[in-house]
Amino acid sequence: MEQQYCFAWWNLENLFDVDGTPDRPEWLQKALNDELEAWDATALTQKLDQLGKVIAAMNNGVGPDLIGVCEIESRAVLEKLVEALDLPVRDYGIAHEDTRDKRGIDVAFIYDKQKFDIETDADGKNMIFSHLIQKRSATRDIVQVNFVSKQGEPFIVIGNHWPSRMGGELESEPYRMIAGETLAYFMQRIQELRKDVPVFVMGDFNDEPFNRSMTNYALSTHSRSKVTRARSRPMLFNMMWRLMDGNQGTHSYGNVWGMLDQVLLNKGALKKEGLYCKPEEITIFTIDGMVDGSKIVRHGRPCKKKEYNPDGFSDHLPVTFIVREKIV
């Protein structure tokens, strides 16, 4: 007998709170300057409603059991998103840590508290970890959350939002290699401390599955056997390879699809014990209006009201995948 869960990942594209919010630290308000000049309560509500439509439609209209998100400013704006979802069957909690990003955007998780609990340490503190990427200018941390299902099965989720390609793909590539090496280091630590606990790694990696940051540094592969047989260093199975047919993606640039958003599994998440995935059970999720040909319909972040589309969503598409749990 098995329990099935719907997990998801989505880059929400600049989900900031309204301009001048008192919750925003002074350094961030200075950094943003006039970028949010027209980002008033109406614009934010429209954005939240559009994002909420998509998330609520996942999992056959009952929303995901767990979703990782990035490009969110704060816990406060994420709480507004949860409220906008309006899903009576859900009791969503938030796992969020402020990180050091110079633009003030974070990585976080929304999860159903009826299905999962965050593990606590000996002092009763939630086991949420922000892993610093040692980059010359601040970037998003890698966020790790240790969960346990209501059946008592432990699992770990790791959210990523790696440095962008701004300034050029090759010029910025070393920063993503650093991020990949950081991820691989903490995967090694998890294996040493927790053995084969299932780990679900997800994120906007700003690189393709075949780029060196993913293959040589994060140690991801399309070969399941390489992951399950790895001994000295943990490898990760990249679920996105099967979707790479050139006709779809999670991001579009110049009318060309890219697969910047990915889900990676460790050995424990491939074994049919505890929580695990079947590699083929992943989908790029859309609803009507999200895609126009080979373009994603963005909402944007306006400096002026004319610079955003109230009918848009994000510049990335979400992915959903099935996680199974054996019930004994």
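Just so you know, all these numbers are worked out from the coordinates, no wet-lab data involved. Bear in mind that the values here come from a model prediction, so they are computed numbers and not experimental data. Neighbour counts are summed over all protein chains in view; Cβ atoms, including those assigned to glycine, are modelled from backbone coordinates with ideal geometry.
Which value in nm describes the separation of the simple spin-label points at LEU85 and LYS195, placed 7 Å from the Cα toward the beta carbon?
3.3 nm
Round to a whole angstrom and tell me the spacing of the C-alpha centers of segment 85-131 and segment 187-223.
21 Å
Taking other Cβ within 10 Å of each residue's Cβ, how do THR250, THR21, THR42 sort, fewest first?
Values: THR250 24, THR21 16, THR42 12.
If I rank by nearby Cβ atoms, fewest first, I get THR42, THR21, THR250.
Could you sort the peptides 198-207, 213-222, 29-38 by per-residue average Cβ neighbour count (10 Å cutoff), highest mean leading? Present the calculation step by step, with values, prior to reporting the outcome.
Values: 198-207: 26.4, 213-222: 21.6, 29-38: 14.1.
The densest-packed peptide leads the list: 198-207, 213-222, 29-38.
Relative to the present Cα-Cα distance, how much length would full extension add between VAL328 and ASP117 at 0.36 nm per residue of separation? Spell out each step's value before the answer.
Details: separation 211, 0.36 × 211 = 75.96 nm, distance 1.95 nm.
Length difference between fully extended and current span is 74.0 nm.
Can you list the aspartates and glutamates whose alpha carbon sits under 20 Å from that of LYS226, skipping same-chain ones fewer than 8 residues off?
Those aspartates and glutamates meeting the cut-off are GLU181, GLU192, ASP196, GLU208, GLU273, GLU280, GLU281.
Fewest to most neighbouring Cβ within 10 Å: what's the order for ILE190, ILE327?
Numbers: ILE190 20, ILE327 10.
If I rank by nearby Cβ atoms, fewest first, I get ILE327, ILE190.
So how much slack lies between ARG136 and LYS271, counting 0.36 nm per residue of separation and subtracting their Cα-Cα distance, in nm? Mind showing how you got there, number by number?
Working: separation 135, 0.36 × 135 = 48.60 nm, distance 3.85 nm.
So the chain would gain 44.7 nm between ARG136 and LYS271.
Expected output is a single nm value to one decimal: the length gained when fully extending between LYS305 and THR283, i.e. 0.36 nm times separation in residues minus the C-alpha distance. What is it? Write down the numbers at each step before the final one.
Working: separation 22, 0.36 × 22 = 7.92 nm, distance 3.35 nm.
Difference between extended and current length: 4.6 nm.
Pairs to check: LYS80/LYS326; LYS53/LYS150; LYS115/LYS305. Give those whose C-alpha atoms are more than 30 Å from each other in this structure. Show your work: numbers first, answer last.
Numbers: LYS80/LYS326 34 Å; LYS53/LYS150 28 Å; LYS115/LYS305 40 Å.
Those over the limit are LYS80/LYS326; LYS115/LYS305.
Testing the spin-label approximation: label points 7 Å from Cα along Cα→Cβ at SER223 and MET166. State their distance in nm.
In this crude spin-label approximation the distance works out to 3.8 nm.
Excluding residues on the same chain fewer than 8 positions from LYS306, give the lysines whose Cα lies under 22 Å from its Cα.
LYS47, LYS295
Explain nothing, just compute: Karplus ³J(HN,Hα) = 6.51 cos²θ - 1.76 cosθ + 1.60, θ = phi - 60°, for every residue of segment 191-207 in order, whole Hz, x for Gly and Pro.
Those phi angles translate into 4, 5, 8, 10, 6, 9, 4, x, 10, 10, 9, 9, x, 9, 8, 6, 9 Hz.
Among PRO25, GLY152, ASN255, pick out the residue whose Cα is farthest towards the positive end of the charge dipole of the chain, where Lys and Arg carry +1 and Asp and Glu carry -1 on C-beta, about the Cα centre.
The residue sitting farthest along the positive end of the dipole is GLY152.
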